Amino acid sequence: MSLVKLEPRRQQSRAMAIAAPVIAVALTLFAGALLFTLLGHDGLAAVNEIFVKPLFNPYRWQDLLVKASPLVMIATGLAIGFRANVWNIGAEGQYVLGGLAGTGVALATLNMSGGWILPVMLVCGVLGGMVWAAIPALLKTKLGVNEILSSLMLNYVAIQLLYYLMRGPWKDPMGFNFPQTAMFSSDQTLPIVVPGTLIHLGIPLAFAIALTAFGVMTRTITGFQMQVEGLAPKAAAFGGFGAASTVWIAMLAGGGLAGLAGIVEASGPFGQMVPQFPTGYGYTAIIVAFLGRLNPLGIVVAGLVLALTYVGGESAQTTIGLPSAATGVFQAMMLFFLLATDILVRYRVVSGRSAPVAEPRSSSGEAKPGESKAVTA
Amino acid sequence: MAAKAAQVPRLALKDISKRFPGVVANDRVSFAVPAGAIHALLGENGAGKSTLVKIIYGVQAADDGQIVFDGQPVRIGSPREARALGIGMVFQHFSLFEAMTVLENIALGMDNPPPRRELEARVRAVLESYGLALDPHRHVHTLSVGERQRIEIVRALLQNPSLLIMDEPTSVLTPQEVEQLFTTLRRLADEGCSILYISHKLHEIKALCQSATIMRGGKVVASCDPRDESARSMAELMIGGSLKDLSDKTDCTYGEARFVVNALSAPGEPPFGTSLKDVSFSVRSGEIFGIAGVAGNGQNELLAVLSGERQAGVSGSLTLDGEELVHASVGARRRAGLASAPEERNGHAAVPGMTLAENALLSARNRMGLSSGGLIRSRAAKNYAAKVIEAFSVKATGPGAAAGSLSGGNLQKYVMGREIMQNPSVLVVSQPTWGVDAGAAGFIRQAMIDLVAKGACVVVVSQDLDELLELCDRLAVINEGRLSEPMDVKGISIERVGLLMGGIHGASPEGDAPIRPAAKAFAAEISA
């Protein structure tokens, strides 16, 4: 008999639902330190450099916010779909298409001026992401094609489309043959909201979107529909919610917000479109969504944590010579440990010898010791 | 009796206890089954009967207590050990491979199957000596539920059991099949095999058993001789209270037909779904219309088509007060006054992980104004849930309780209350009292009677024929997706209903569905 075993909880533990991401982050730090020590680096210094130091540097905080904002936007959109068990893995492609659609507007209006240009770019960015997400939605609802595969594969198509446009039609004629577009004009660039910093309009926008999404998910029938579809698809049908409409809402929300993040990045930090535009935000946002418990407010916190791995990972490359892959390793470990600790929401750990007697107190608030012996009349 | 009591009992249980997290399923259960007796184990759902028999059959281990078999204390660690002792069991849910033949299925279920030829000879001998009609070479997917059960019985009998456990064996059988089963069981008992018969159908137990142990809440609360008790007195022992009578709906006046279904057809869900073929019936105001039938004959499909959850490929007409609804969405049907409650509570009629207030939104949001302009009116939802909880005496901590935390009966009361309190013109409901304790079942039936008294109409789909006979004014039988002519319940012939359930429609329009041998036997019996 094993020393410990898992016993199903009678109800999911709310406390553990909040504790699991925290435990996952802690395990990531521990395993990361161990791993890099074994690889011959100073593991503790690596963890310190990536996860602690940036927090005490005000300049790094700006970086953090700039990196977090696209992650929060994309993850918020994805979480709406994930709630309904619609697995859009194509945010990266939708992000690229949003960026490209907005860039198209920018290139067409290079010689114009006016306050209307930027809003049109943003709207087109949203639409670009939606169109890209509509393809898997259509395939899913009409032909029953698994949206995980179709949305994922479209990411590669989107990137090839980007390369084609950069090297061909959209290449800056004055750009010394570099594969990139012309720089956007000031009317095509996101304004800085805090003068003298890097904090552009996209950052408050991301927070506003998370707050709005929180309201939508908790206070509207549409949000209710997404949750019912995810928890009990047959009950959703009974409630009169069409499965197809759920897929469409989920994919368009995910695609639209990924597209918005795309154009915000293009018209903000990049200020032009370049082949290096896709940086994996669309994939990292999946981790953000789960680390944030698919809750838009949690996603804001999770977005900052994952942004930390980017910001800290970059500086660790220069300061202690950590490979650039370290960022990815930490991100992947975080998702891995989160999925592993998630089992504690539904199960509790008990001693394998005499099942109900010894119960660790750590198994959250409502699982009180001895509860399993109680008689329900 | 005195002589029998002096004998060593076949099976004696002493202080058997079994705990699960949060529940004590069996609390010091003791009773004995004499040799050659048919002993009933009675109790409501959740009383601990199934756990107890799983312990006897070695599927689960008891925490405490002792099992004595033929005078010897035994430890039964697995079903294999149970079979070696001479304990056979027929489960409520069969474990059969549809694509294999009867014989192959029997061989698969045996610990040491003999060579095929020898096995076939033994199977045929068992079939013959107990008068069971079954062709060993037929594929299981072509068999009726009653015939499938016979495979399980033959499987058990081949081991020459001295104790046979039957878990709710009649819940899927037609009345004729039940009678046949009883004949077999009586013969077995005459030959000295003890039978532990688990059921909550009281008239069956009165007809079959010589002794009964009644369980409630994991404990033995009484033992009795069912032949000396009335069904009512046993029911009261089972629920531990007194039963309420349903109010009589004698000669209430029916209005005109409100809910008319005409030539409704729909394809079945592949691969094994039953398609609906030309279903027609109409229900008058003030009427409860029953649809009887053995499970899997298109009941779920019919309910999904009536509620609007299934739309693809549906043809025919469905009108409520003259309004055509066959292509209307679920929401539009609800607004028109068509409410429904599917068979499965958890995950279909209600979301277990959501609160009762949120579950109120599921089907009552439009009719009861629980949302406006796409926004949830949380307070209204809470109030409506509270009203349902109160009016239907749902045992719950309040509108904030998770639906999954309620017992089956209480959740069913909540679901039925949620639909009925919307004051629908027609309520379509499947298995309204399935897995519900007797008290709640009575309450739910009364609520439906009260609803039709206000001029609404109700369609009840149920496998429980007794329930339909008690509740309905007229009923029809569904078999392989086809609905029979409706019959008045008053003066109805149970034999006729049973034959219809078994698939005799007078003529079988499709060549591939011949009259089943079992049904043929019944037909012969009745005409004799």
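Structural remarks
- Among B:M501, B:M234, the order by Cβ neighbours within 10 angstrom, fewest to most, reads B:M234, B:M501.
- With contacts taken as Cα pairs under 8 Å at a separation of at least 6 residues, the range A:67-293 carries a relative contact order of 44 percent.
- Between helix A:296-319 and chain A: long-axis angle, C-alpha atoms, 0 to 90°, nearest 10: 70
- Once you reduce the range A:244-316 and the range B:151-204 to the center of their Cα atoms, the two points are 63 Å from each other.
- Theoretical FRET efficiency, 1/(1+(r/R0)^6), r = Cβ-Cβ of B:S30 and A:S113, R0 60 Å, to 0.05: 0.05
- Global size of chain B: 24.4, 77 Å for Rg and Dmax (C-alpha atoms, Rg to one decimal, Dmax whole).
- Estimated [θ] at 222 nm from DSSP helical runs (n ≥ 4, -39500 (n - 2.57)) normalised by residues in chain B, nearest 500: -10000 deg cm²/dmol
- Virtual paramagnetic centre 7 Å along Cα→Cβ of B:A125, amide N under 17 Å, in the range B:147-166: B:154-162
- With 5 Å bins from 0: P(r) over the range B:2-239, alpha-carbon pairs, percent: 1, 6, 14, 18, 20, 17, 12, 7, 4, 1, 0
- Both the radius of gyration and Dmax for the range B:62-145 are 15.9, 45 Å, in that order, over alpha-carbon atoms.
- Crossing angle, helix B:175-190 versus chain B [Cα axis fit, 0-90 degrees, rounded to tens]: 20
- The range B:1-141 - convex hull of alpha carbons, volume per residue in Å³: 159
- With the convex hull constructed from alpha-carbon coordinates only, the range A:67-293 shows a mean projected area of 12.8 nm² over all directions.
- Full-stretch length increase - B:N160, B:R232 - with 0.36 nm per residue and alpha-carbon distance subtracted: 22.3 nm
- Ellipsoid equivalent to the range B:110-165 - semi-axes via the Cα gyration tensor, in Å: 17, 15, 11
- Along its principal axes, the range A:103-236 has C-alpha extents of 59, 37, 23 angstrom, given from the largest down.
- Euclidean distance of C-alpha centroids, the range A:96-124 and the range B:331-399, integer Å: 46
- Distance (nanometres) between label positions extended 7 Å along Cα→Cβ at A:N177 and B:N262: 7.9
- Sequence ranges B:484-490, A:143-149, A:81-87, ranked by mean other-Cβ count within 10 angstrom, highest first: A:81-87, B:484-490, A:143-149
- For chain A, the 222 nm mean residue ellipticity estimated from helices alone, with every DSSP H stretch of n ≥ 4 adding -39500 (n - 2.57) and the total spread over all residues, rounds to -21000 deg cm²/dmol.
- Considering only beta bridges that DSSP places wholly inside the range B:2-239, some 55 percent are antiparallel.
- Counted over the protein assembly as shown, the DSSP beta bridges are approximately 55% antiparallel.
- Likely footprinting exposure, B:C224, B:C472, fewest C-beta neighbours within 10 Å first: B:C224, B:C472
- Calculated P(r) tail over 15 Å for the range B:309-386, as whole % of Cα pairs: 62
- log10 of Debye I(q)/I(0), alpha-carbon scatterers only, for the range A:160-274 at 0.11, 0.18 Å⁻¹: -0.58, -0.94
- The simple spin-label model puts a point 7 Å past each Cα toward its Cβ; for B:S405 and B:H139 those points are separated by 4.9 nm.
- Model label zone, B:E118; criterion: amide N under 19 Å from point 7 Å along Cα-to-beta-carbon; scope the range B:85-111: B:103-111
- A:L161 paired with B:K490, simple spin-label distance in nm, labels 7 Å along Cα-to-beta-carbon: 7.2
- Gyration tensor verdict on the range A:161-203 (Cα atoms; rounded if a/c is under 1.5, prolate if a/b is larger than b/c, oblate otherwise): prolate
- The range A:1-84: C-alpha pair distances exceeding 19 Å, %: 67
- Ranked list, fewest to most other Cβ atoms within 10 Å of each Cβ, for A:H41, A:H200: A:H41, A:H200
- Taking the C-alpha atoms only, the angle from helix A:281-291 to the longest principal axis of chain A is near 30 degrees.
- Cα-based Rg of the protein assembly as shown normalised by 2.2 N^0.38 Å, two decimals: 1.14
No lab work stands behind these numbers, since they all come straight from the coordinates. Given the structure is predicted, the values throughout are model-derived calculations rather than measurements. For neighbour counting, all protein chains shown are included, and Cβ atoms are generated from backbone atoms with ideal geometry for every residue, glycine included.
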